[in-house]
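The values are calculated or read from the model by the stated rules, or taken from the named source; none is laboratory data. Fair warning: this is a prediction, and the values are worked out from it, not measured in the lab. For neighbour counting, all protein chains shown are included, and Cβ atoms are generated from backbone atoms with ideal geometry for every residue, glycine included.
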Amino acid sequence: MDTMTRIAALTAECIRSIWPDQEGLPDAAELRGLLAVPPDPTLGDYAFPCFRMAKPLRTAPPKIAQALCAGWTRTDVASVEPVNGYMNFFLNRANFAAEIMETLEREKDRFGSSDIGCGKTVCLDYSSINIAKRFHIGHLSTTMIGHSLKRIYDFLGYTTVGINHLGDWGTQFGKMICAYKLWGSKEAVEQGGVDALTALYVRFHEEAEKDPSLEDQGRAWFKKIEEGDEEALSIFTWFKDMTLRDAARVYDLLGVTFDSYAGESFYVDKTDRVVQELRDKGLLTRSEGAWVVDLSEDNMPPCLILKKDGATIYATRDLAAAIYRQETYHFDKCLYVVAYQQDLHFRQVFRVLEKMGYPWAKDCVHVSFGMVSFEGEALSTRKGNVVYLDDLLSQAVEKALGIIQEKSPDLEDKETVARQVGIGAVIYTDLSNNRIKDIDFRWDRALNFDGESGPYVQYTHARCCSVMRKAPDFSGVAPDWSALTDDEAQTLLRLISRFPDVVREAAEKFEPSMITRAVTDIAQAYNKYYYEHRILDGEPAGAAARVALTDAARQVIRTGLWLIGVEAPERM
Ligand code: ARG
């Protein structure tokens, strides 16, 4: 039981002992929610606002606070003081330290985990790159937020399904094949890779302005893909493999994995059924030759289902995908980690599912996020202002290596550490803000070893590991937890004790940045502790307690970094 839950339970007991027959008073669960952390620590570690009880007791809150404090008996847990309408709790510092340290010793790397998700499944649609486009910084957030949420949900006991919903269907692929047949060659594409494909696509559009008949040829090639024509399919599959091979390198660097690569093409043979169902349910209406679902009642533009020529679109395939996922995985939640530009698309798709009568439509969530700019400049593929992710990552690793060579010339295996630090710096930056905020990526900030950055947190972790390496063997010594009653240790302990709540809240709000914040706070608190206290000196029982606290900080930082997808080197 965590401290707040314990305090809530004891407060509930105290209330019942004072007013045994009174109805309408809060129980332990409600009290847990009412307990607050006072902004000013001199007011205590927790505070219970007694206003909630004023009505049932017909008594002024300050009187209630006084009565509660007079009836409080558990001084081993906390002493209490009434201040106006509040009952303020001052934790017994040594017991508080003992409680947390013992929990950590017991749970180790499971600290913060839970089984609240047991038996429940979460599908996560993230990264979802497009075929024949190079992986650029615009797909970093979806990749990392999705990957982190997957780890967070796993940690909470959920079954997770990570899905890379590939953009691998649409007329553009017909155009690409057409361009390849006209101006490309096997060698040129093999050599130029995905860039060569993009170039062919750009050329197609330029030439099509002069010669509109190209559009028809492009459409004809797409039709061939649809009909399963051997040549068209083999070229298309080749393009797809090439893109995925390229992306796999980036995924490897980032440590990102998926359980499924079922993309848009996977749903092509599953859309007929959806269209039929929409028609049977009377939801399809004709609009300028196309078929749509009218959403004017919901103040949204209609959701396009079939184009004039009868072809399905992105939304049709998303409807099929949602139904397929529910039927296959029976998800309790299906998260779509996609940029805010697609807000309307997902509102439309979810609303159509609701209109179709699927009660689980409410379990589909668009996890939206803001834009990434680079060194103050907005990125746009159109203006040619693109930052490719593999370039960004290799630059990050190179810069990290430079810093490490300067700071720790004797470090072994600098390349591995540089990779962990460089990549970690990029991921940390991406997950450092509330996801809906735009991010400006700047090298000086991302790689600032002294600021709020990935390297700073990693460095603190390595510092903890170094203390552990230097510490003597305390296995026969019972730690004296009263050595951890100073302000710095208590601040650190409090942050550590909140970690399990942070993990849960990050899952509830789909917000990995809450974990980034928590590990940063813990790292800062540990460094403050480290500078103010001599960890290995003094009585063995006290030193054993300080070393155990160091190990606790190390563990929670490591777990937190893992949850946001950042590695934790042991030496830096
Ligand atoms: N491929 C799309 C893009 O890059 C994202 C797909 C998101 N997932 C989905 N089920 N629609 O914009």
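Give me the residue from the range 281-324 that is part of a strand (DSSP E or B) and within 16 Å of the ligand (Cβ to nearest atom) and, out of that set, farthest from Glu508 (Cα to Cα). Please lay out each step first, then the result.
Taking the range 281-324 and keeping what is part of a strand (DSSP E or B), we get 284-287, 290-293, 303-306, 312.
Of the ones still in play, those that are also within 16 Å of the ligand (Cβ to nearest atom) are 303-305, 312.
On the way: Cys303: 29, Leu304: 32, Ile305: 32, Thr312: 34 Å.
Residue satisfying both the conditions and the ranking: Thr312.
Of all residues in the range 469-497, which are among the hydrophobic types (A, V, I, L, M, F, W, C), part of a helix (DSSP H, G or I) and either surrounded by fewer than 15 Cβ atoms within 10 Å (Cβ to Cβ) or touching a strand residue (DSSP E or B) at 6+ places or on another chain (Cβ under 6 Å) (or both)?
none
From the set of residues in the range 198-240 that are closer than 30 Å to Ile427 by Cα and at pLDDT below 95, which is nearest to the chain's Cα centre (by Cα)? Write out each step before concluding.
Within the range 198-240, the subset closer than 30 Å to Ile427 by Cα is 198-199, 239-240.
Adding the requirement that they be at pLDDT below 95 leaves 198-199.
Working: Thr198: 30, Ala199: 34 Å.
Here the residue is Thr198.
Collect the residues in the range 422-441 that are closer than 19 Å to Asp390 by Cα and modelled with pLDDT of 95 or more, keeping them in residue-number order.
Within the range 422-441, Gly422, Ile423, Gly424, Ala425, Val426, Ile427, Tyr428, Thr429, Asp430, Leu431 qualify.
Of all residues in the range 260-287 being among the β-branched types (Val, Ile, Thr) and in contact with an Asp or Glu (Cβ under 9 Å, 6 or more places away or on another chain), which is nearest to Tyr329 (Cα to Cα)?
From the range 260-287, those among the β-branched types (Val, Ile, Thr) are 268, 271, 274-275, 285; that's our starting set.
Next cut, in contact with an Asp or Glu (Cβ under 9 Å, 6 or more places away or on another chain) only: 268, 285.
Values: Val268: 19, Thr285: 31 Å.
Once the filter is applied, the top-ranked residue is Val268.
Is it the case that the range 92-100 has a residue that's acidic (Asp, Glu) and assigned to a helix (DSSP H, G or I)? Before the answer, list the steps.
If we filter the range 92-100 for residues that are acidic (Asp, Glu), which is where we start, we get 99.
Right, trim to assigned to a helix (DSSP H, G or I) and you get 99.
Yes, the range 92-100 contains at least one residue that is acidic (Asp, Glu) and assigned to a helix (DSSP H, G or I).
In the range 383-390, is there at least one residue being among the acidic types (Asp, Glu), in contact (Cβ under 8 Å) with a residue 40 or more places away in the chain and in contact with a helix residue (DSSP H, G or I) (Cβ under 8 Å, 6 or more places away or on another chain)? Explain how you work it out, then say what you get.
Initially, the range 383-390 is screened for residues among the acidic types (Asp, Glu), giving 390.
Those left that are additionally in contact (Cβ under 8 Å) with a residue 40 or more places away in the chain: 390.
Remaining after also requiring in contact with a helix residue (DSSP H, G or I) (Cβ under 8 Å, 6 or more places away or on another chain): 390.
Looking for residues that are among the acidic types (Asp, Glu), in contact (Cβ under 8 Å) with a residue 40 or more places away in the chain and in contact with a helix residue (DSSP H, G or I) (Cβ under 8 Å, 6 or more places away or on another chain), one finds at least one in the range 383-390, hence yes.
Here's a check for you: in the range 340-362, which residue that is surrounded by fewer than 16 Cβ atoms within 10 Å (Cβ to Cβ) and more than 17 Å from Cys303 (Cβ to Cβ) is nearest to the ligand (Cβ to nearest atom)?
Step by step, filter the range 340-362, then rank; the result is Tyr340.
Taking the range 379-431 only, how many residues are surrounded by fewer than 18 Cβ atoms within 10 Å (Cβ to Cβ), part of a loop (DSSP other than H, G, I, E, B) and touching a Phe, Trp or Tyr at 6+ places or on another chain (Cβ under 9 Å)?
0
Would you be able to say whether some residue in the range 68-76 is in a helix (DSSP H, G or I), in contact with a strand residue (DSSP E or B) (Cβ under 8 Å, 6 or more places away or on another chain) and either within 16 Å of the ligand (Cβ to nearest atom) or farther than 30 Å from Met176 by Cα (or both)? Can you show your working first?
First, the residues of the range 68-76 that are in a helix (DSSP H, G or I): 68-71.
Narrowing further to those that are in contact with a strand residue (DSSP E or B) (Cβ under 8 Å, 6 or more places away or on another chain): 68-69.
Of the ones still in play, those that are also either within 16 Å of the ligand (Cβ to nearest atom) or farther than 30 Å from Met176 by Cα (or both) are 68-69.
Within the range 68-76 (the criterion being in a helix (DSSP H, G or I), in contact with a strand residue (DSSP E or B) (Cβ under 8 Å, 6 or more places away or on another chain) and either within 16 Å of the ligand (Cβ to nearest atom) or farther than 30 Å from Met176 by Cα (or both)), the answer is yes, since at least one residue qualifies.
Residues in the range 25-34: is at least one basic (Lys, Arg), over 36 Å from the mean Cα position of the chain (by Cα) and surrounded by 13 or more Cβ atoms within 10 Å (Cβ to Cβ)? Lay out the reasoning, then the answer.
First, pick out the residues of the range 25-34 that are basic (Lys, Arg): 32.
So of that shortlist, the ones also over 36 Å from the mean Cα position of the chain (by Cα) come out as none.
No, every residue in the range 25-34 fails to be basic (Lys, Arg), over 36 Å from the mean Cα position of the chain (by Cα) and surrounded by 13 or more Cβ atoms within 10 Å (Cβ to Cβ).
Looking at (1) closer than 30 Å to Glu511 by Cβ; (2) hydroxyl-bearing (Ser, Thr, Tyr); (3) part of a helix (DSSP H, G or I); (4) away from the ligand (no atom under 16 Å from the Cβ), which is the only condition Tyr251 fails?
(4)
A quick yes/no check of all residues on (1) touching an Asp or Glu at 6+ places or on another chain (Cβ under 6 Å); (2) in contact (Cβ under 8 Å) with a residue 60 or more places away in the chain; (3) surrounded by fewer than 23 Cβ atoms within 10 Å (Cβ to Cβ):
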| position | (1), (2), (3) |
| --- | --- |
| Ala70 | no, no, yes |
| Ala94 | no, yes, yes |
| Ala97 | no, yes, no |
| Phe111 | no, yes, yes |
| Gly119 | no, no, yes |
| Ser148 | no, yes, no |
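Evaluate the following for Thr257: is it free of Cβ contacts under 8 Å to residues at least 24 places away in the same chain, more than 16 Å from the ligand (Cβ to nearest atom) and not in a helix (DSSP H, G or I)? Can you show your working first?
Working: free of Cβ contacts under 8 Å to residues at least 24 places away in the same chain: no; more than 16 Å from the ligand (Cβ to nearest atom): yes; not in a helix (DSSP H, G or I): yes.
It is false that Thr257 is free of Cβ contacts under 8 Å to residues at least 24 places away in the same chain, more than 16 Å from the ligand (Cβ to nearest atom) and not in a helix (DSSP H, G or I).
So the check is Cβ under 8 Å with 6+ separation or different chains; which pairs have a first residue in the range 440-454 that's touching a residue at least 12 places away in the same chain (Cβ under 8 Å) and a second one that's surrounded by fewer than 16 Cβ atoms within 10 Å (Cβ to Cβ) and among the charged types (D, E, K, R)?
From the range 440-454, the pairs are Asp440/Glu375; Phe441/Glu375; Arg442/Glu375; Trp443/Glu375; Phe449/Lys407; Ser453/Arg445.
Select from the range 325-339 the residues that are outside any helix (DSSP H, G or I) and within 12 Å of the ligand (Cβ to nearest atom) and list them in ascending order. First the steps, then the outcome.
Taking the range 325-339 as the starting set, the residues that turn out to be outside any helix (DSSP H, G or I) are 330-339.
Across the range 325-339, the qualifying residues are Cys334, Leu335, Tyr336, Val337, Val338, Ala339.
Scan the range 111-147 for residues that are away from the ligand (no atom under 11 Å from the Cβ), under 19 Å from Asp246 (Cβ atoms) and part of a loop (DSSP other than H, G, I, E, B) and report the count.
Qualifying residue count, the range 111-147: 2.
Cβ-Cβ under 9 Å, sequence separation 6+ or interchain: first residue in the range 166-177 and free of Cβ contacts under 8 Å to residues at least 60 places away in the same chain, partner of a type in the set (Ser, Thr, Tyr) and surrounded by fewer than 23 Cβ atoms within 10 Å (Cβ to Cβ). Which pairs?
Gln172/Tyr201; Lys175/Tyr201
Residue under question is Met356, and the condition is that it be of a type in the set (A, V, I, L, M, F, W, C), in contact with an Asp or Glu (Cβ under 7 Å, 6 or more places away or on another chain) and over 24 Å from Gly174 (Cβ atoms); does it hold? Working first, answer last.
Details: of a type in the set (A, V, I, L, M, F, W, C): yes; in contact with an Asp or Glu (Cβ under 7 Å, 6 or more places away or on another chain): yes; over 24 Å from Gly174 (Cβ atoms): yes.
Yes: the conditions hold for Met356.
Pick from the range 35-64 the residues that are of a type in the set (Gly, Ala, Ser) and either modelled with pLDDT under 95 or closer than 26 Å to Gln490 by Cα (or both): which of them is surrounded by the fewest Cβ atoms within 10 Å (Cβ to Cβ)? So that I can check it myself, show each step before the final result.
As a first pass, look at the range 35-64 and keep what is of a type in the set (Gly, Ala, Ser): 36, 44, 47, 54, 60.
Narrowing the set further to residues that are either modelled with pLDDT under 95 or closer than 26 Å to Gln490 by Cα (or both) leaves 36, 44, 47.
Working: Ala36: 13, Gly44: 22, Ala47: 22.
The qualifying residue surrounded by the fewest Cβ atoms within 10 Å (Cβ to Cβ) is Ala36.
Within the range 77-110, restricting attention to residues that are under 30 Å from Arg151 (Cα atoms) and β-branched (Val, Ile, Thr), which residue is nearest to the ligand (Cβ to nearest atom)?
Keep residues of the range 77-110 that are under 30 Å from Arg151 (Cα atoms), which gives 96-110.
When the remaining residues are screened for being β-branched (Val, Ile, Thr), the result is 100, 103.
Numbers: Ile100: 41, Thr103: 40 Å.
Restricting to residues being under 30 Å from Arg151 (Cα atoms) and β-branched (Val, Ile, Thr), the top hit is Thr103.
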